[in-house]
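Enquirer: One structure coming up, written as structure tokens, with questions to follow.
Quick note: the coordinates plus some simple rules give every number you see, no bench work behind them. In this text the structure is predicted, and so the values were computed from the model without any measurement. For neighbour counting, all protein chains shown are included, and Cβ atoms are generated from backbone atoms with ideal geometry for every residue, glycine included.
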Amino acid sequence: MRLLSCLPIDRQVRVLTSTAEFHSFERQLRRLEETGWCRVTRIPSEPVGEFAPRMEAELRRQPWDLLFFSQVFFDSALAVTELGRIVAATPDDCLVAIDGYHAFAALPLQPGPLLQRAVYLAGGYKYAQGGEGCCFIHVPVNCSLRPAITGWFADFEHLERRGDGVGYAADGRRFAGATFDPAALYRLDAVLGLYEKEGILIADIHRHVQTLQQRFLRGWRTCPAWPPGAGSISPDGPMAIF
Ligand SMILES: Cc1ncc(COP(=O)(O)O)c(C=O)c1O
């Protein structure tokens with residue numbers, strides 16, 4: 001919501017996204033669409049190999065205010081591997097946000113220069129094994145976004161300052177809200193600390209999961225219920241490794 005509130009509110013905005021965004025974004029977007037504030041174009045998430053070229057073509061077609069898409073689609077586990085290509089094709093005046101929720105701590109991603117341009121959202125609830133409550137937003141360094149939906153933690157260091165206009169922290173805290181329960185942060189920190197201590201890398205976990213998938217499929221092939229109907233194994237084929 002805070003991210004959306006960085007977009008102009010005095011005119012209709014254009015949002016480019018996929019057909020497979022998670023409910024948290026899709027529901028909010030549909031509600032705002034009902035109000036007439038945004039016009040949304042949804043690019044089919046499948047076949048995933050055509051996703052990046054379709055996005056690039058759409059980015060060239062007209063101006064956009066927000067590009068928002070998942071790195072791994074929640075409903076198919078298909079991964080968008082051409083993140084850099086899509087982000088590079090996005091005009092400078094368009095906000096780019098990647099929902100990394102199904103990739104974070106699951107795929108060994110080294111985003112590199114991508115994060116100098118894109119906002120990246122994820123959380124500790126799924127593959128990072130930190131339980132509920134610790135989601136995060138990464139904003140590029142020197143980010144000057146000023147979410148209109150804000151909270152008093154967003155400029156915590158200058159609470160007493162009453163200047164012209166509303167100030168924001170120089171870093172990602174500009175997206176902070178209000179008083180919160182930090183227990184989830186300690187929990188995730190403890191989990192990541194354990195990974196570090198035990199020398200467990202995300203690439204190791206990913207390999208382990210792939211091995212289990214293959215074992216499951218080998219077992220399934222010996223069952224009377226084999227072969228399954230088309231589209232019932234997802235992703236169908238080896239998963240991408242970045
Ligand atoms: C792709 C994706 N994005 C975001 C979220 C997080 O949603 P929220 O923090 O709104 O519960 C989830 C949670 O399941 C998800 O699967």
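Enquirer: Name the residue, out of G177, G193, that is among the small types (G, A, S), within 16 Å of the ligand (Cβ to nearest atom) and either surrounded by fewer than 13 Cβ atoms within 10 Å (Cβ to Cβ) or in a loop (DSSP other than H, G, I, E, B) (or both).
Expert: G177
Enquirer: A follow-up question, please. Considering the stretch 77-116 alone, what residues qualify as being within 29 Å of Y186 (Cα to Cα) and in contact with a helix residue (DSSP H, G or I) (Cβ under 7 Å, 6 or more places away or on another chain)? Quick ask: steps written out before the conclusion?
Expert: Of the stretch 77-116, the ones within 29 Å of Y186 (Cα to Cα) are 77, 97-116.
If the condition is that a residue be within 29 Å of Y186 (Cα to Cα) and in contact with a helix residue (DSSP H, G or I) (Cβ under 7 Å, 6 or more places away or on another chain), then I98, D99, A105, A106, L107, P108, L114 are the ones that fit.
Enquirer: Return yes when Y195 is of a type in the set (S, T, Y), without any contact (Cβ under 8 Å) to a residue 40 or more places away in the chain, farther than 27 Å from L95 by Cβ and out of contact with any strand residue (DSSP E or B) (no Cβ under 9 Å at 6 or more places or on another chain) and no when it is not.
Expert: The answer is yes for Y195.
Enquirer: Let me ask another. Being among the basic types (K, R), within 21 Å of L59 (Cα to Cα) and loosely packed, with under 12 Cβ neighbours inside 10 Å narrows it down to one residue among R42, R11; which is it?
Expert: Only one candidate qualifies: R11.
Enquirer: Continuing with the same structure: Checking the structure you have, find out if any residue of the stretch 123-137 is exposed (fewer than 13 other Cβ atoms within 10 Å of the Cβ) and more than 18 Å from the chain's Cα centre (by Cα).
Expert: Taking every residue of the stretch 123-137 in turn, none turns out to be exposed (fewer than 13 other Cβ atoms within 10 Å of the Cβ) and more than 18 Å from the chain's Cα centre (by Cα).
Enquirer: Could I ask something else about it? Where the second residue is within 11 Å of the ligand (Cβ to nearest atom) and the first is among the aliphatic types (A, V, I, L, M) and lies in the stretch 53-81, which pairs have Cβ atoms under 6 Å and are six or more apart or on separate chains?
Expert: Going by the 6 Å Cβ cut-off, the qualifying pairs are V72/H102; V72/A103; A79/V72; V80/Q71.
Enquirer: I'd like to verify a number: residues in the stretch 116-168 that are of a type in the set (D, E) and within 13 Å of the ligand (Cβ to nearest atom), how many?
Expert: Residues that pass the stated criteria total 1.
Enquirer: Testing F68 on (1) more than 25 Å from P108 (Cβ to Cβ); (2) within 15 Å of the chain's Cα centre (by Cα), one condition comes back false. Which one is that?
Expert: The one condition F68 does not meet is (1).
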